[in-house]
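See below for the structure under consideration.
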Amino acid sequence: MTSVPRVVVLAGGVGGAKFTLGVREALARAGAPQATVIVNTGDDLWLSGVRLQPDVDSVLYALAGVNDTQRGWGRAGDTERVNEELQAWGAGWPWFTLGDLDLGTHLARTGWLRDGLTVTHVVERLSRRWHLGIRMLPMTDTEVDTHVVMADGSRLHFQEWWTRHRAGLAPVAFESPGIEAAVPAPGVGEAIANADIVLIAPSNPVVSIGPILAVPGIREALSTTPAQVVGVSPVIGGRVVRGMADVCLTAIGVDTSAGAVAAHYGARADGGVLDAWLVAEEDAAAAASVDALGIRAVVAPLWMTDVDASAAIAETALAL
Ligand code: GDP
Ligand code: CA
């Protein structure tokens, strides 16, 4: 690593946010410049007239230190008065709670979008309120969606499948309508091209990292960057740590194992995106199969129990 590495992180929501906190801490300790985090916008949606960006907000709130760490999403100490009113009107989704403070964010964002600001500008404005110590970029300014396709051909919006059905219905595919026409947000291509290291957070490979890689141009930028591309396994001991990412992996025919997820991302030398893959100590036995793919496997503790643990993971990756 050069003395002042330029670092880019690709991140989804909660797992991405925990990892991004660790990257910020590791870079601060090294006296390095702030990183750029490129955040998934594939599960953004309109609800009750406002634009929600679940992953942007998870990363934003975590970096600002105002996130609800108990619940895992939304603002700490939030209330639900407005949500109760929405329910009384029969507006929105009864199974999808919008906190009052959170709604403040959504209203601000929606107002700025209505004023004609791009998503990039909106994210930049949201970032100004707190000292985040990291530059946040959305993956794209284009509106894209994530749909879940069932065996009978019916489809649900990702958030309905995830939140209402708790990923309980077995899907056969995930689709991202609009993604073919999407272009990387301004600055995304440059950040990747000029990075010394690109870190793929231990986020959901299918619905968090998947949409980022599916934006035309981003995969190409990763294949041509002189940076090392290092991924962190979201699978520990053959299981996803929290959430239902295993159902997503199964649906696309990928085993819930550190080796299978590495193979899914693929070696850069082989048309994939990875140079190296951090594997949990519990999955050390998978290291040889990862190496055999042409991806350098590095075994390390991967539990992001607190900022120090996340920073240690980031330091291991940065040392490559
Ligand atoms: P979402 O968009 O809010 O669902 O969050 P992400 O996609 O960013 O992250 C979800 C993923 O984070 C899950 O697949 C988890 O396996 C992974 N994850 C959560 N906590 C940890 C952890 O402590 N260590 C590792 N390695 N992965 C984690
Ligand atoms: Ca998400």
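The values are calculated or read from the model by the stated rules, or taken from the named source; none is laboratory data. Nothing here was measured: the structure is a model prediction, and the numbers come from that model. Virtual Cβ from ideal backbone geometry, glycine too; neighbours counted across all protein chains shown. Side chains included, ligands, DNA and RNA excluded: accessible areas come from the protein's heavy atoms. Shrake-Rupley method; radii C 1.70, N 1.55, O 1.52, S 1.80 Å.
Quick one: accessible area per residue over the range 95-214, 1.4 Å probe, rounded to a whole number of Å²?
Working: 5030 Å² over 120 residues.
For the range 95-214, the per-residue accessible area is 42 Å².
What is the percent carbon and sulfur in the accessible area of the range 196-253, measuring with a 1.4 Å probe over the protein chains and ignoring ligands? Using a 1.4 Å probe with all protein chains present, the range 196-253 comes out at 51 percent carbon and sulfur. With the simple model of a label 7 Å out from the Cα in the direction of the Cβ, Asp308 to Ala64 spans 2.8 nm. Dividing the mean sequence gap of close Cα pairs (under 8 Å, 6+ apart) by how many residues the range 142-240 holds gives a relative contact order of 27 percent.
Near Leu103, within a Cβ-to-Cβ distance under 15 Å, what is the net charge of the other residues, with Lys and Arg +1 and Asp and Glu -1? That works out to -4. If you take every residue apart from Ala193 with its C-beta less than 12 Å away from the C-beta of Ala193, what net charge results, scoring Lys and Arg +1 and Asp and Glu -1? So the environment of Ala193 carries a net charge of -2. In loop segments of the range 222-320 as defined by DSSP, the trypsin sites (Lys or Arg not before Pro) with at most 16 further C-beta atoms inside 10 Å of their C-beta are Arg242.
Take every pair of alpha-carbon atoms less than 8 Å apart whose residues are at least six positions apart; their mean separation over the length of the chain yields a relative contact order of 20 percent. Quick one: check the C-alpha center-to-center distance for the range 251-318 versus the range 104-137, whole angstrom. Value for the Cα centre distance between the two parts: 32 Å.
Shape call for the range 179-235 from the C-alpha gyration tensor, a ≥ b ≥ c root eigenvalues: rounded (a/c under 1.5), prolate (a/b greater than b/c) or oblate?
Values: a/c = 2.25, a/b = 1.07, b/c = 2.09.
In terms of gyration-tensor shape, oblate.
Taking Cβ atoms as reference points and 11 Å as the exclusive limit, the residues near Asp55 contribute a net charge of -3, counting Lys and Arg as +1 and Asp and Glu as -1. Figure legend: label point modelled 7 angstrom from the Cα of Arg71 along Cα→Cβ; residues of the range 41-57 with amide N under 20 Å from it are 43-57. The range 1-63 and the range 184-233 have Cα centres lying 13 Å from one another. Across every direction, the projection of the convex hull enclosing the Cα atoms of the chain has a mean area of 15.5 nm². Loop-located trypsin sites (Lys or Arg not before Pro) in the range 126-212 (DSSP state other than H, G, I, E, B) with a sparse environment of at most 15 neighbouring Cβ atoms within 10 Å: Arg129, Arg166.
Judged by the ratio a/c of the largest to the smallest principal axis of the C-alpha gyration tensor, the range 194-320 counts as rounded, that ratio being less than 1.5.
The figure for Ile179 is an accessible area of roughly 20 square angstrom, using a 1.4 Å probe on the protein chains alone. Here the label points at Leu47 and Glu84, each 7 Å from Cα along the C-beta direction, are separated by 1.9 nm in the simple model.
Under the rule a/c < 1.5 gives rounded, and otherwise a/b versus b/c splits prolate from oblate, where does the range 80-194 land using the Cα gyration tensor?
It comes out oblate by the Cα gyration axes.
Under the rule of -39500 (n - 2.57) per DSSP H run of 4 or more residues, summed and divided by the residues of the chain, what mean residue ellipticity at 222 nm is obtained, to the nearest 500 deg cm²/dmol?
Values: 12 runs with 114 residues, N = 320.
Computed mean residue ellipticity for the chain: -10500 deg cm²/dmol.
In a DSSP loop and with at most 13 other Cβ atoms within 10 Å, the trypsin sites (Lys or Arg not before Pro) in the range 1-101 are Arg71.
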